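The values are calculated or read from the model by the stated rules, or taken from the named source; none is laboratory data. Keep in mind that this is a model prediction, so the values were computed, not measured. Positions of Cβ are backbone-derived with ideal geometry, glycine not excepted, and every protein chain shown enters the neighbour counts.
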Amino acid sequence: MGHDTDEERTGPPPGPAPEAETSPEEPPSPVVRRRRGAPTIYDVAQAAGVAPSTVSRAFSRPGRVNSDTANRIRQVAAELGYRTNPMARALATTHTGLLALVVPDITNPVYFEIINGVQDEAAEAGYTVLLVDSRESDTRERQALERALPIVDGIVLGTSRMSDAAIRMIAKQKPMVALNRAVREIPSVVPDNSRGVRRALEHLGELGHDPVTYLAGPEASWADGMRWRGLREASLELSVHVRRLGPLSPTVAGGVAAAKAWLQTRTSGVIAYNDLIAIGFIRSVTARGVRVPEDVSVVGYDNIFASDLVTPPLTTIATPRRALGAAAVRNLVAQIRGAQPRVGPPVVVPVKLVERESTGPRL
């Protein structure tokens, strides 16, 4: 004795037959009311001659529906103009197709290519990116992530200002990759900070600059800590003295503040935490009659698009930011699809020195 399938149970439930006509005073039927608005799953089911549950499976788990039936459902849905609701489907499947990308300052040009790399790789994998700007605040960052957690499948945490403990707590709830930050037990992708600052110091040392001032970044920046540690190690090996000035805001205004302090105890060589600080520094000291590179040679970090537009063009450490973002998304999507997180040493992306006119021999 056979069993009815949900595709066959399309008629009304047993009971009295409906009246042939309704009086003008009666309200329209529920189906009529629905069809005056956007078509629903029930409209598709009725038109295709299947149960609503079959329509649902045809869109959420097509492998569990006969291919001919699934094709008929999709054709009917297209004719009716029915569109699936990804957020509603997420309630059943726990997947939304959204990834969160957190950056500390969306106005900082260093993040433009990271964002592009993340978005391009996410789109290739079928995901949309939800962008969060924490404005250099660990509190804003944590609060934004707490709101985003229920609606995203995973998180790319770019240059986080949160503590390691807070990052690990959030990573227990959703797959995560840390970008520009190495956190124990969390998959991470970072540029080669130590190599970058060593090349900068080698370059200045070869030009005869000693001592060299490091214009430090934000106090909560992991990258700043790595760059300062790399500079101290390189200074011992290269016999070039370094001193630290900061912490500073990673902005042009931070570079202006650094210039005021540097003018009190000048050095012939300067390495900045990032290009924005370097640009602010150059603009400020040249306005006070200091010549670059004749009086001071300046090296930035990141090679943002404006680094070759300043006067003089900025010597800097180039980081492959688009590749960083793309690598983070590939790692994250693999986790979402079931791969074990890579929790060993971070993936390190190489950097290189780009020589321009802001550095020259010590006079």
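Observations on the structure shown:
- Qualifying residue in segment 351-362 (condition: surrounded by 15 or more Cβ atoms within 10 Å (Cβ to Cβ), closer than 26 Å to Glu121 by Cα and not basic (Lys, Arg)): yes
- Scanning segment 273-300 for residues that are touching a helix residue (DSSP H, G or I) at 6+ places or on another chain (Cβ under 8 Å), of a type in the set (A, V, I, L, M, F, W, C) and surrounded by fewer than 24 Cβ atoms within 10 Å (Cβ to Cβ) gives a single hit, Val292.
- Test for Val44: is it at pLDDT 85 or above, of a type in the set (Val, Ile, Thr) and closer than 21 Å to Ala328 by Cα: no
- Looking across Glu124, Glu146, one residue alone is of a type in the set (Asp, Glu), under 15 Å from Leu332 (Cβ atoms) and assigned by TED's automatic domain parsing to the domain that holds Val110. It is Glu124.
- Qualifying residue in segment 223-239 (condition: among the hydrophobic types (A, V, I, L, M, F, W, C) and more than 26 Å from Pro350 (Cβ to Cβ)): no
- Close contacts from segment 121-134, counting a first residue that is under 21 Å from Asn108 (Cβ atoms) and a second that is outside any helix (DSSP H, G or I) and of a type in the set (D, E, K, R), with Cβ to Cβ under 9 Å and a gap of 6+ residues or different chains, come to Asp133/Asp105; Ser134/Asp105; Ser134/Arg161.
- For Ala339, the conditions (1) loosely packed, with under 15 Cβ neighbours inside 10 Å; (2) aliphatic (A, V, I, L, M); (3) in a strand (DSSP E or B) are fulfilled apart from (3).
- Segment 305-326, subset in a loop (DSSP other than H, G, I, E, B) and out of contact with any strand residue (DSSP E or B) (no Cβ under 8 Å at 6 or more places or on another chain), residue surrounded by the most Cβ atoms within 10 Å (Cβ to Cβ): Val310
- Condition met for Ile186 (touching a residue at least 60 places away in the same chain (Cβ under 8 Å), touching a helix residue (DSSP H, G or I) at 6+ places or on another chain (Cβ under 9 Å), farther than 23 Å from Asn303 by Cβ and of a type in the set (Val, Ile, Thr)): yes
- Of the residues contained in segment 173-193, none is found to be of a type outside the set (S, T, N, Q), part of a helix (DSSP H, G or I), buried (at least 20 other Cβ atoms within 10 Å of the Cβ) and assigned by TED's automatic domain parsing to the domain that holds Asn331.
- Positions within segment 240-290 being at positive phi and either modelled with pLDDT of 95 or more or basic (Lys, Arg) (or both), in sequence order: Gly289
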